[in-house]
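A.B. asks: First, the structure itself, so that you have it in front of you.
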Amino acid sequence: MASFPRNCLRIRLRNCLRHFTLLAIALCWSGCSSAPPPPAEIPEPEPEEPEAVPEPEPEPAPIVEAGRVELSAAFLVGGSMPTAERDQITAQVTRAIKAAAPSFRLCYGQLAAQGKTPTGEITFELLIKPGGGIERLQRVSGSITNKKFVACTLRVIEELELPKPSTIYAIEAPLYFYPE
């Protein structure tokens, strides 16, 4: 094989061209072709198996109304107002609580969904400010002590549309709950 000069700059241009020409001829004789190589075979991709999609978990059953709720007729009322106004406010609060029975039953439905269907009561105290709004609302006693159920029941009472007394109005009343 022809040797390539170490330093083409020192040799005349003509000698460099001659060496390059001889080198190109030698490469062609040794099997170098000017045609591009045949394309490499690309293997066909194997069909992908679809990923197993996990089945969705079943949605929890919707909470439905359950049980029965009653407001006791025996409750304590207080407030320094004329008797007629106190009776009127008491009637309005009683109507609002009774109208909220479906919401109380939804609270009971949450217990029923957990397999619990207690029979019992929650006695609450409600103080209504003069002009409306809740001054205080709390559970004061009762045989049902499930914290989530009591909290749900008190939230229902908080959302009631309450009357607007001229002075502070207090009521302590038990709500009785029963399975259906």
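A.B. asks: Confirm whether Phe177 is open to solvent by less than 30 Å² (accessible area, probe 1.4 Å) and either small (Gly, Ala, Ser) or in contact with a strand residue (DSSP E or B) (Cβ under 8 Å, 6 or more places away or on another chain) (or both).
C.D. replies: yes
A.B. asks: Looking at Arg95 and the list (1) part of a helix (DSSP H, G or I); (2) open to solvent by 80 Å² or more (accessible area, probe 1.4 Å); (3) modelled with pLDDT under 90; (4) not β-branched (Val, Ile, Thr), which single condition is not satisfied?
C.D. replies: So the condition that Arg95 fails would be (3).
A.B. asks: Hey, could you check region 129-145 for residues that are open to solvent by 70 Å² or more (accessible area, probe 1.4 Å) and touching a helix residue (DSSP H, G or I) at 6+ places or on another chain (Cβ under 9 Å) and say which is nearest to Phe177 (Cα to Cα)?
C.D. replies: Out of the qualifying residues, it is Arg139.
A.B. asks: Restricting to region 82-97, give me the number of residues that are farther than 17 Å from Glu172 by Cβ and in contact with a strand residue (DSSP E or B) (Cβ under 8 Å, 6 or more places away or on another chain).
C.D. replies: Residues in region 82-97 being farther than 17 Å from Glu172 by Cβ and in contact with a strand residue (DSSP E or B) (Cβ under 8 Å, 6 or more places away or on another chain): 0 in total.
A.B. asks: Please specify each residue of region 146-168 satisfying the condition of being open to solvent by 80 Å² or more (accessible area, probe 1.4 Å) and either over 23 Å from Gly67 (Cβ atoms) or in contact with a Lys or Arg (Cβ under 9 Å, 6 or more places away or on another chain) (or both).
C.D. replies: Answer for region 146-168, where residues must be open to solvent by 80 Å² or more (accessible area, probe 1.4 Å) and either over 23 Å from Gly67 (Cβ atoms) or in contact with a Lys or Arg (Cβ under 9 Å, 6 or more places away or on another chain) (or both): Glu161, Lys164.
A.B. asks: Of the residues that sit in region 64-92 and are more than 20 Å from Leu160 (Cα to Cα) and more than 29 Å from the chain's Cα centre (by Cα), which one is most open to solvent (accessible area, probe 1.4 Å)?
C.D. replies: Taking the candidates together, the pick is Ser80.
A.B. asks: Between a first residue in region 99-121 that is within 12 Å of Pro179 (Cα to Cα) and a second residue that is of a type in the set (D, E, K, R) and in a helix (DSSP H, G or I), which pairs have beta carbons less than 9 Å apart while being 6 or more apart in sequence or on different chains?
C.D. replies: Leu111/Lys148
A.B. asks: Additional query: Can you tell me which condition Ala24 does not meet? The list is (1) modelled with pLDDT under 70; (2) in a loop (DSSP other than H, G, I, E, B); (3) loosely packed, with under 13 Cβ neighbours inside 10 Å, and all the others hold.
C.D. replies: (2)
A.B. asks: Quick one: is Leu126 open to solvent by less than 70 Å² (accessible area, probe 1.4 Å) and free of Cβ contacts under 8 Å to residues at least 40 places away in the same chain?
C.D. replies: When the stated conditions are applied, Leu126 does not pass them.
A.B. asks: Can you go through Glu135, Glu180, Glu161 and tell me which one is within 23 Å of Asp87 (Cα to Cα) and not in a strand (DSSP E or B)?
C.D. replies: Glu161
A.B. asks: Condition first: open to solvent by 20 Å² or more (accessible area, probe 1.4 Å) and within 19 Å of Ser141 (Cβ to Cβ). Now tell me which residues in region 98-123 satisfy that.
C.D. replies: Those that are open to solvent by 20 Å² or more (accessible area, probe 1.4 Å) and within 19 Å of Ser141 (Cβ to Cβ): Pro118, Thr119, Glu121.
The values are calculated or read from the model by the stated rules, or taken from the named source; none is laboratory data. The structure presented is a predicted model; accordingly, all values stated were derived computationally and were not measured. Note: ideal-geometry Cβ built from the backbone for every residue, glycine included; neighbour counts use all protein chains shown. The accessibility values were calculated without ligands, DNA or RNA, using every heavy atom of the protein model including side chains. Shrake-Rupley method; radii C 1.70, N 1.55, O 1.52, S 1.80 Å.
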